[in-house]
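Colleague: Okay, here's the structure, questions in a sec.
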Amino acid sequence: MKLTEIGWNEFKALSLDEKRPYLEREEKDSLPYHTLFAQQFDRGVLERLCALANRIRFINKSREGALYLKSILAHKRAMLYFSQPSSRTFLSHLAACQILGVTTGSVRDAATSSEFKGESKEDSIRTFSSYFDMIIMRSPEQGLAEKMAWELSNSSRSIPIINAGSGKDQHPTQALLDIYTLVRSFENNGGLDGRTVVFCGDLLRGRTVRSLSYLLTRFKSVKQIFVAPDELQVPSDVTATLEENSVEFEISSDLKDAVKKADAVYMTRIQDEWDASKGASARIDTSAFKFNEEHLALLKKEGCLLHPLPRRDEISTSCDRDPRAMYWRQMRNGMWIRAALIAATFGYEREIMTCGY
Ligand code: ASP
């Protein structure tokens, strides 16, 4: 199945599962060509990407290894097209490209591109595709990455797109790094299957929650607990997906009780940039949804605390030095797993996995 064989409206109307085969590499090795949403990754692909990320970080330790990695994609160029604020996701994709020798260009503000002169996004993307071999894009617009992937696949220069965050909807590469962090956290004590993951904060508008919640369904018997004020509780499309996949979940407003049951706690920030009227979120009482040392005392010894960042006050800085605080490592893991995704997208998984380093 190819994106060239289906019209945009027909493709748009498909379910995410139905869309998935259209987004795979032509080589049919189950790896994505366009990375648009978390539903594209099944357990096998997740394990392959985690293994590839481990391999890349190991090879990169020696000078010879790092130089070898830098030669792998030295013939490729990537465009970072970020029309929404970002520091971590932008820099981590940039660093991932640098590890593999991919040269990069960027537009970080539509006001500095011809969109400001009235150019359509479709025309902008086609312009970028004339100069680059991959587009890594973040946009406030839900579904834009999907539309651009379809456009490019149906143009004379089909190049892959990686969605680095789309509106309130999805953030698939963040979910990959969250899974990679969880897999590494539990690799020496029984793995991720059978664990309990607590999500807390703005679960309604946090795109990282939707993407990670879905990826966790790829693991066996991972229970999910959603802790939030009523106004910001997890949306029904997420719980419907859990029901479809027979995943056990709880809706709660009691963070302490949830932390006692948790193997991992995933805190999130209030996403007030999406407020319908200015200051609407500030009127919600979120004081019971912040993690501090009292919560840390209730968390299992081998548990872990995650946050996609940026943090405001959802996690007290007094927790930062605890070995269970994973948010700094999460960022570094993001660079390695994104390098793995970029290498895999360009078809270099096997070469890296089997090289002599
Ligand atoms: N950095 C994450 C995102 O882009 C989380 C956040 O902004 O709160 O969605």
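What follows draws every value from the coordinates through simple rules; no lab data is involved. Only a predicted model underlies this, so the values are computations on that prediction, with no experimental measurement involved. Virtual Cβ from ideal backbone geometry, glycine too; neighbours counted across all protein chains shown.
Colleague: Take LEU176 and decide whether it is within 14 Å of the ligand (Cβ to nearest atom) and either surrounded by fewer than 24 Cβ atoms within 10 Å (Cβ to Cβ) or within 24 Å of ALA53 (Cα to Cα) (or both).
Modeller: yes
Colleague: Right, another one. Restricted to the stretch 1-41, and to residues that are closer than 25 Å to ARG207 by Cβ and aliphatic (A, V, I, L, M), which residue is surrounded by the fewest Cβ atoms within 10 Å (Cβ to Cβ)?
Modeller: So, considering only residues that are closer than 25 Å to ARG207 by Cβ and aliphatic (A, V, I, L, M), the one surrounded by the fewest Cβ atoms within 10 Å (Cβ to Cβ) is ALA13.
Colleague: Another question, then. Residue by residue through the stretch 47-72, note down the ones that are under 21 Å from PHE219 (Cβ atoms) and surrounded by 20 or more Cβ atoms within 10 Å (Cβ to Cβ).
Modeller: LEU49, CYS50, LEU52, ALA53
Colleague: So, one more: Can you find even one residue in the stretch 29-42 that is part of a helix (DSSP H, G or I), within 24 Å of THR104 (Cβ to Cβ) and under 18 Å from the mean Cα position of the chain (by Cα)?
Modeller: Looking for residues that are part of a helix (DSSP H, G or I), within 24 Å of THR104 (Cβ to Cβ) and under 18 Å from the mean Cα position of the chain (by Cα), one finds at least one in the stretch 29-42, hence yes.
Colleague: OK, next. Quick check on my filter: what residues within the stretch 236-282 are touching a residue at least 24 places away in the same chain (Cβ under 8 Å), more than 29 Å from GLU293 (Cα to Cα) and within 16 Å of the ligand (Cβ to nearest atom)?
Modeller: Result: VAL238, TRP274.
Colleague: Just to be sure, is THR317 in contact with a Pro (Cβ under 6 Å, 6 or more places away or on another chain) and either away from the ligand (no atom under 16 Å from the Cβ) or without any contact (Cβ under 8 Å) to a residue 60 or more places away in the chain (or both)?
Modeller: When the stated conditions are applied, THR317 does not pass them.
Colleague: Report yes if TYR357 is surrounded by fewer than 22 Cβ atoms within 10 Å (Cβ to Cβ) and closer than 22 Å to ARG88 by Cα, otherwise no.
Modeller: So TYR357 fails the test.
Colleague: Out of curiosity, is ARG108 charged (D, E, K, R), within 16 Å of the ligand (Cβ to nearest atom) and touching a Leu at 6+ places or on another chain (Cβ under 8 Å)?
Modeller: yes
Colleague: Here is a further query. Can you name the number of the only condition in (1) more than 21 Å from GLN233 (Cα to Cα); (2) crowded, with 19+ Cβ neighbours inside 10 Å; (3) among the aromatic types (Phe, Trp, Tyr) that TRP328 fails?
Modeller: With respect to (1) more than 21 Å from GLN233 (Cα to Cα); (2) crowded, with 19+ Cβ neighbours inside 10 Å; (3) among the aromatic types (Phe, Trp, Tyr), TRP328 is out only on (2).
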